[in-house]
1. Look through region 211-233, keep the residues that are buried (at least 18 other Cβ atoms within 10 Å of the Cβ) and within 25 Å of K125 (Cβ to Cβ), and return whichever of them is modelled with the lowest pLDDT.
2. In region 17-34, how many residues are in contact with a Ser or Thr (Cβ under 6 Å, 6 or more places away or on another chain) and in a strand (DSSP E or B)?
3. Of the residues that sit in region 119-152 and are in contact (Cβ under 8 Å) with a residue 60 or more places away in the chain and among the aliphatic types (A, V, I, L, M), which one is nearest to T59 (Cα to Cα)?
4. Taking Q197 as the residue in question, decide whether it is under 21 Å from W233 (Cα atoms) and among the polar types (S, T, N, Q).
5. Read through the list (1) assigned to a loop (DSSP other than H, G, I, E, B); (2) not assigned by TED's automatic domain parsing to the domain that holds A224, then give the number of the only condition that M72 fails.
6. Select from region 65-75 the residues that are surrounded by fewer than 19 Cβ atoms within 10 Å (Cβ to Cβ) and either at pLDDT 95 or above or among the acidic types (D, E) (or both) and list them in ascending order.
7. Which of the residues spanning region 36-60 are closer than 30 Å to K113 by Cα and either among the charged types (D, E, K, R) or surrounded by fewer than 19 Cβ atoms within 10 Å (Cβ to Cβ) (or both)?
8. Condition first: of a type in the set (A, V, I, L, M, F, W, C), closer than 21 Å to L184 by Cα and in a strand (DSSP E or B). Can you find one or more residues in region 98-115 that meet it?
Amino acid sequence: MEKILQGQIHLADQRGFTKTQVLRRFSSFNYGDYFNEHRKPFGRLEVWNDEMLAGGSSTSVIIKSSCWFVLMPVTGEVLLKRPNGDTRLIDAGEVFVGYAVAGEALKLINLYKSDWINYVYIQLKENGDVSVPYDEIFKFDFTGRQNELIDLVPYSGRYPFRLHFGLFGGRADALYRVQNKNSLFYAFVLAGAFELQGRLMHERDGLALWQLDEADLEALSNNAVIVILEMLW
């Protein structure tokens, strides 16, 4: 019988929502003006935002405390501009991992003139364990790798987390084994539906788990996509 682990599900329709003329933001954790007693940070994980940005528009992220951040385009591409002059264009099929200091303003730009783009922005607090900050773009391709979890940001000691992506057909399954027993686990469904460790998850649902050795998942629809974040310390 499958073991039901300690956890908390973040349903898509219960996320915080911010809407302007150019931005649609869904927040799985407390962010900006959104506050919910049950949406406080999960370990290092402070921000998991699912955002849409209008064509030819930009938005800024003001960093309140030093952190690692992850930028994942879902559709389209995002131009990232930083105060030091560093500019990165991140496309769908790529993930940017960076480090930002308190007070820094990250500018995210949609270069398409009329099309909206969708991206996920993640922020993990820094616990005084950064020696040499290192920014990097990781590329992934699902071609020939369906029904497996791709180790996108592997454990190297450089980052305090791992990141996996998976594209699955209906009824395909996989087993995720954590790096160590003290890790915290967060999963987010980008498309389709899954059963993950006995819990039903639909599109844009998130699930936090802790005190686990492994997590079993099964896709309940075709072309189901999941992102898994493991926080290592």
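1. L212
2. Total satisfying the criteria: 3.
3. V120
4. No: the conditions fail for Q197.
5. (1)
6. The answer is V74, T75.
7. D50, E51, M52, A54, G55, G56, S57, S58, T59, S60
8. no
The values are calculated or read from the model by the stated rules, or taken from the named source; none is laboratory data. Just so it is clear, the model here is predicted, and its values are computed rather than measured. All Cβ positions, even for glycine, are placed from backbone atoms using ideal geometry, and neighbour counts span all protein chains on display.
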